1. Do you know which residues across segment 611-657 are more than 25 Å from residue 49 (Cβ to Cβ) and surrounded by fewer than 20 Cβ atoms within 10 Å (Cβ to Cβ)?
2. What are the residues in segment 30-50 that are in a helix (DSSP H, G or I) and surrounded by fewer than 17 Cβ atoms within 10 Å (Cβ to Cβ), if any?
3. Which of the residues belonging to segment 491-517 are surrounded by fewer than 24 Cβ atoms within 10 Å (Cβ to Cβ) and more than 20 Å from the chain's Cα centre (by Cα)?
4. Of 205, 170, which residue is at pLDDT 95 or above, crowded, with 19+ Cβ neighbours inside 10 Å and at positive phi?
5. Which of (1) crowded, with 24+ Cβ neighbours inside 10 Å; (2) not in a loop (DSSP other than H, G, I, E, B) does residue 445 not meet, given it meets every other one?
6. Can you list residue pairs whose Cβ atoms sit under 8 Å apart, with the first residue in segment 628-652 being on the phi > 0 side of the Ramachandran plot and the second being modelled with pLDDT under 95 and outside any helix (DSSP H, G or I)? Count only pairs 6 or more apart in sequence or on different chains.
7. Determine whether segment 147-154 contains at least one residue that is in a helix (DSSP H, G or I) and either closer than 26 Å to residue 255 by Cα or over 22 Å from the mean Cα position of the chain (by Cα) (or both).
8. Condition check: surrounded by 16 or more Cβ atoms within 10 Å (Cβ to Cβ), in the same structural domain as residue 483 (by TED's automatic domain parsing), over 27 Å from residue 464 (Cα atoms) and in contact (Cβ under 8 Å) with a residue 40 or more places away in the chain. Does residue 392 satisfy that?
């Protein structure tokens, strides 16, 4: 059996080469065998010794890089602010928003005054028709969470055109099941939520008894919205989210509401048809507007505005917002420093202005060039996999390859930047700056309706530590913020980079062929391009992933939701296989040298496991399992690796070991 505890590692005499990327053998737990628990073998000492900073709900590789990125962005903001009127238009906007956000004394002195006119407007609502008009006004104001979601996106069945989109929404708790579960933890959380809403209404000036009654009414309204909503798992099916209809048909579905007036007041371009993502939700919403007392809606809409604005208001609002959304929901012990919160706000509201300044300082052209080459290598590896995969018939294979040929890859930052100068940004009230930028973003959405899709647009900002696949564009996107150590290290060897950023590239590519992404064709249209035989074989294999991950227990008997996490788990497994194949191509004809006793293949898997090291608070873990389509880190590592023969070969994992699933249960899809 190969020695998986090399002498060099055992005595920690580690060469600098192996410390590149996110690999640090000091994090290993050598009391754990790779064949038993690979996640803890690579990360065990880190997991034991890491103390989560009080301002965070979890800590690990991603959080470390995000914090580092925030520090870089702080320097960018401070430099822009220091230039004042001498800076460029972009620097002036970034500098002004930064200055207004950092002026805590002025924010506290202003209190609720910047929002008072809007609150008075909501307090004057007297009829159901005015409820709908107020929702439209809030959306135009940039407060999108009231009642439901309204925006624009590519038509899923005609992806070249922007389409108006109505979606369920309007909830203050993380998702619909928080309102409907009857276990004691859920009941306690709802009671805490009502108390939080009441305290927030109290900050708006309501008397305690009135605030408590209003908060109870708000919970009743939101519970009714939740009952009419689809679950997170149901929303994973793109067919369940697509119901194209005319405005007249919407008026029949959800009667009694002035839908044409709403769309006009919300600022939408004229349109004849739209996608109503969840028809039953809007049928129920119309009935709720007619049936619920107007005073309940008044309280609800004031709450939605206060909740959206709270992080940008005076200290009492900030602290009350954190008390529930930070402490109770995620377990965080203290607020992040003001500069961190302001940096995050800039990234959320004018991220491409901030991003221009960020990439100029922190994303060299050579990083983009090497990333483009990595993507090309993995694309070829996926092509070879599609050409040889045994369960796919030839007709489906040809379409799968055509979809791969049509893939678009975006790296680093957009070729065309958003211009925010249409929004007034000054060194005055912080919350008004935020709302004006949110309103501008909403106007952009409304003005796109009915127009050709702009394929140059990005859905993430350049400093973001993440990546994504967009099915209607058939594209994978990697922002500059992600393309740096530890995930992408120009000084690391190929094995470490392929195990880190390579598996992420493969992951995003595989999303085009997961249970949801596979329903879109190469043009990004929702269309069935699979033969029934190949579709049945795919579903049979995917059901193995659902069963495997659904058996994992996280805490207090809470299991991973195998259905909700299905797509991400498929992408993790496929991404590993594709990146491993890409590494083999990169190593072809080169010496297979060991570093600190580890082969390239072993370093690849170690790098992958190190990428996902993370320590989470119990509250954060519960929130993740109940709302997030991604599995907890431990299972993102051990789950797919236990299916891979390549991993078993690299570490001589015997049959029957925990890290090698029985042959009959082993899942292989892509």
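1. Applying the first criterion (more than 25 Å from residue 49 (Cβ to Cβ)) to segment 611-657 yields 626-629, 640, 642-650, 652-657.
Matches in segment 611-657: 626, 627, 628, 629, 645, 646, 649, 652, 654, 655, 656, 657.
2. In the first step, residues of segment 30-50 are kept if they are in a helix (DSSP H, G or I); the result is 38-49.
If the condition is that a residue be in a helix (DSSP H, G or I) and surrounded by fewer than 17 Cβ atoms within 10 Å (Cβ to Cβ), then 48, 49 are the ones that fit.
3. 491, 493, 494
4. Numbers: 205 fails: crowded, with 19+ Cβ neighbours inside 10 Å.
None of the other options fit; the residue is 170.
5. (1)
6. Short answer, once both residue conditions are applied: 652/1; 652/2; 652/4.
7. No, there is no match, as no residue in segment 147-154 is in a helix (DSSP H, G or I) and either closer than 26 Å to residue 255 by Cα or over 22 Å from the mean Cα position of the chain (by Cα) (or both).
8. Yes; evaluated as a whole, the condition is true for this residue.
The values are calculated or read from the model by the stated rules, or taken from the named source; none is laboratory data. Since this is a predicted model, take the numbers as computed values, not measurements. Every residue, glycine as well, gets a Cβ built from its backbone with ideal geometry; the counts of neighbours run over all protein chains shown.
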